[in-house]
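The values are calculated or read from the model by the stated rules, or taken from the named source; none is laboratory data. None of these values were measured; they are calculated from a predicted model. Cβ atoms come from the backbone with ideal geometry, glycine included; neighbour counts cover every protein chain shown.
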Amino acid sequence: MNTEYDEQPVPMTTMDQVIRSFADQYHLTKRESEIMNLMVVYGYSNKELASHCMISEKTVKNHIEKIRNKVGAGSTRKLLSSFIVHQFTA
């Protein structure tokens with residue numbers, strides 16, 4: 001059964017839009033965007049990120065370090081702070 005409702009695209013949530021905007025501004029890769037999303041939305045630890053993404057914790061740390069370098073954040077806390085500021089200025 002195909003209705004008009006079924007044909008409508010699912011709108012991105014506001015958080016999805018903010019994460020995409022942040023990723024675009026800082027030229028994050030798809031994997032870096034995924035890591036950022038899981039950190040921001042779910043508060044995942046490095047171990048949880050590794051398990052969810054099926055990668056090693058070392059690889060997670062490398063991704064976070066690359067994100068921090070792109071954003072210019074000296075720590076993960078500053079990275080998350082940069083995201084929060086971006087959320088309200090995007």
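Can you give me the number of residues within the range 53-68 that are hydroxyl-bearing (Ser, Thr, Tyr) and closer than 13 Å to Thr29 by Cβ?
Step one: list which residues in the range 53-68 are hydroxyl-bearing (Ser, Thr, Tyr), which gives 56, 59.
Filter once more, keeping what is closer than 13 Å to Thr29 by Cβ: 59.
Summing the residues that are hydroxyl-bearing (Ser, Thr, Tyr) and closer than 13 Å to Thr29 by Cβ in the range 53-68 gives 1.
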task = Among the residues of the range 29-44, write down those that are farther than 19 Å from Arg77 by Cα and either touching a Phe, Trp or Tyr at 6+ places or on another chain (Cβ under 9 Å) or not hydroxyl-bearing (Ser, Thr, Tyr) (or both).
result = Lys30, Arg31
task = Write out, first by first residue and then by second, each pair whose Cβ atoms fall under 7 Å of each other, whose residues are 6+ apart or on separate chains, and whose first residue, in the range 45-64, is over 18 Å from Ser75 (Cβ atoms) and free of Cβ contacts under 8 Å to residues at least 24 places away in the same chain while the second is surrounded by 14 or more Cβ atoms within 10 Å (Cβ to Cβ) and of a type in the set (Phe, Trp, Tyr).
result = His52/Tyr44
request  = Keeping to the range 39-76, report how many residues are among the small types (Gly, Ala, Ser), assigned to a helix (DSSP H, G or I) and touching a helix residue (DSSP H, G or I) at 6+ places or on another chain (Cβ under 7 Å).
outcome  = 1
note = Within the range 44-85, residues being surrounded by fewer than 13 Cβ atoms within 10 Å (Cβ to Cβ) and within 11 Å of the chain's Cα centre (by Cα) number 0
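Go through the range 24-38 and give me each residue that's hydrophobic (A, V, I, L, M, F, W, C) and in a helix (DSSP H, G or I). Walk me through how you get there before you give the answer.
At the first step, the residues of the range 24-38 found to be hydrophobic (A, V, I, L, M, F, W, C) are 28, 35-36, 38.
Matches in the range 24-38: Ile35, Met36, Leu38.
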ask   = Are any of the residues in the range 1-12 modelled with pLDDT of 95 or more, over 11 Å from the mean Cα position of the chain (by Cα) and surrounded by fewer than 17 Cβ atoms within 10 Å (Cβ to Cβ)?
value = no
ask   = Applying the selection to the range 41-56, what residues are under 22 Å from Met15 (Cα atoms) and either in contact with a Gly (Cβ under 8 Å, 6 or more places away or on another chain) or not small (Gly, Ala, Ser) (or both)?
value = Val41, Tyr42, Tyr44, Asn46, Glu48, Leu49, His52, Cys53
